[in-house]
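Here's the structure, in structure tokens; my notes come after.
The values are calculated or read from the model by the stated rules, or taken from the named source; none is laboratory data. Not measured: the values here are computed from a predicted model. Note that each Cβ is placed from the backbone with ideal geometry, even for glycine, and that neighbours are counted across all protein chains shown.
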Amino acid sequence: MNKLVEITKPLKIGYKKTCKCPKNHINCLTAKEWMQSQVAVWELYYEKRDIRDKNIHPAVFPIALPAKCIKLFTHEGELVLDPFVGSGSTLVAAQDLNRNAVGFDLKKDYIELTKSRLTQTRLGDAMQQIAIQDEAHNIPHYLEKETISLSVTSPPYANMLNRPKLNKSIRGNLRKNKHYLQVQQYSNDPRDLGTMEPIQYAKTLGGIYRGILPLMRPKAHCVINVTDLWWENKRIPVHVYVIQALEEIGFELRNIIIWDRRNLINQAGIFGWPSNYITLGTTFEYILDFWRPP
């Protein structure tokens, strides 16, 4: 069970690897496991521990996503950061994999949810996973320079959720479910990325990661899961804006990975037929992999 941790500035949390892997290895994977991760299309699955109730959180990514990133880009004992921890999936994955981790969120409810989830997993964990209620701009007050081995997150998706849900991607006779015409917003806090227009959203992300960059080890990876928006019959390339914002403040793009979500889509409706061809955005998302250049 996670121990009660005193929140200090900076935090007293481990960040050095505890495994015996060679120094030139970036992770603890075998060659066979490495090969299995080289395909740039990932198909991920939710498990029983994952939260799928949109009344609890409107957009939870599966534990499998941060778990895969943690396996790829860190060693046991190293430090993982999630700047927008939400329901806590990243910290749960870090606990499973014997990594230290810290996550931040504006909403007290999400921090309490994360702490609750951490107490439900395995006992006797020697590592620490800490959830802190604070805005992401303040992360540099909590962590020392060059201690983070991986930052991985799925930030709020601009103002995508800040409007009545029409369920256009769902089959017509099933659209009027309990979420129909509901606004499933994270919060109304003006600091919340989910209240912002896409350009402002990307610029604000850039400002947050400008503060995070010095906290990361050279060649430490920074993974951001985003999706593009469809707004007023136009495609809004949010992933492009995020890449530009991160590169402007010093990160280097290493990989673009597609999260193939087709296995999660059921009873899809006909979208745009017969006169306007529009691909279903719910069928895939982007996993953008940056690093701090050496």
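Summary of computed values
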{"item": "Selection from the range 208-253 of residues that are within 21 Å of Ile139 (Cα to Cα), out of contact with any Leu (no Cβ under 7 Å at 6 or more places or on another chain) and among the charged types (D, E, K, R)", "result": "Arg210, Arg217, Lys219, Glu248, Glu252"}
{"item": "Every residue from the range 243-294 that is of a type in the set (S, T, N, Q) and either within 19 Å of Pro214 (Cβ to Cβ) or not in a strand (DSSP E or B) (or both)", "result": "Gln244, Asn263, Asn266, Gln267, Ser275, Asn276, Thr279, Thr282, Thr283"}
{"item": "Those residues of the range 237-255 which are surrounded by 19 or more Cβ atoms within 10 Å (Cβ to Cβ) and touching a residue at least 60 places away in the same chain (Cβ under 8 Å), in sequence order", "result": "Val238"}
{"item": "Scope the range 256-294; condition exposed (fewer than 13 other Cβ atoms within 10 Å of the Cβ) and within 18 Å of the chain's Cα centre (by Cα); matching residues", "result": "Ile256"}
{"item": "Every residue from the range 171-197 that is modelled with pLDDT of 60 or more, in a loop (DSSP other than H, G, I, E, B) and touching a Pro at 6+ places or on another chain (Cβ under 9 Å)", "result": "Asp192, Met196"}
{"item": "Residue list for the range 89-138, restricted to those being surrounded by 22 or more Cβ atoms within 10 Å (Cβ to Cβ) and in a loop (DSSP other than H, G, I, E, B)", "result": "Arg99"}
{"item": "Flag for Gln200 being surrounded by fewer than 17 Cβ atoms within 10 Å (Cβ to Cβ), closer than 24 Å to Asp50 by Cβ and at pLDDT below 95", "result": "no"}
{"item": "Checking Gly207 against (1) closer than 26 Å to Asp109 by Cβ; (2) surrounded by 21 or more Cβ atoms within 10 Å (Cβ to Cβ); (3) modelled with pLDDT of 85 or more; (4) not polar (S, T, N, Q), the condition it does not meet", "result": "(2)"}
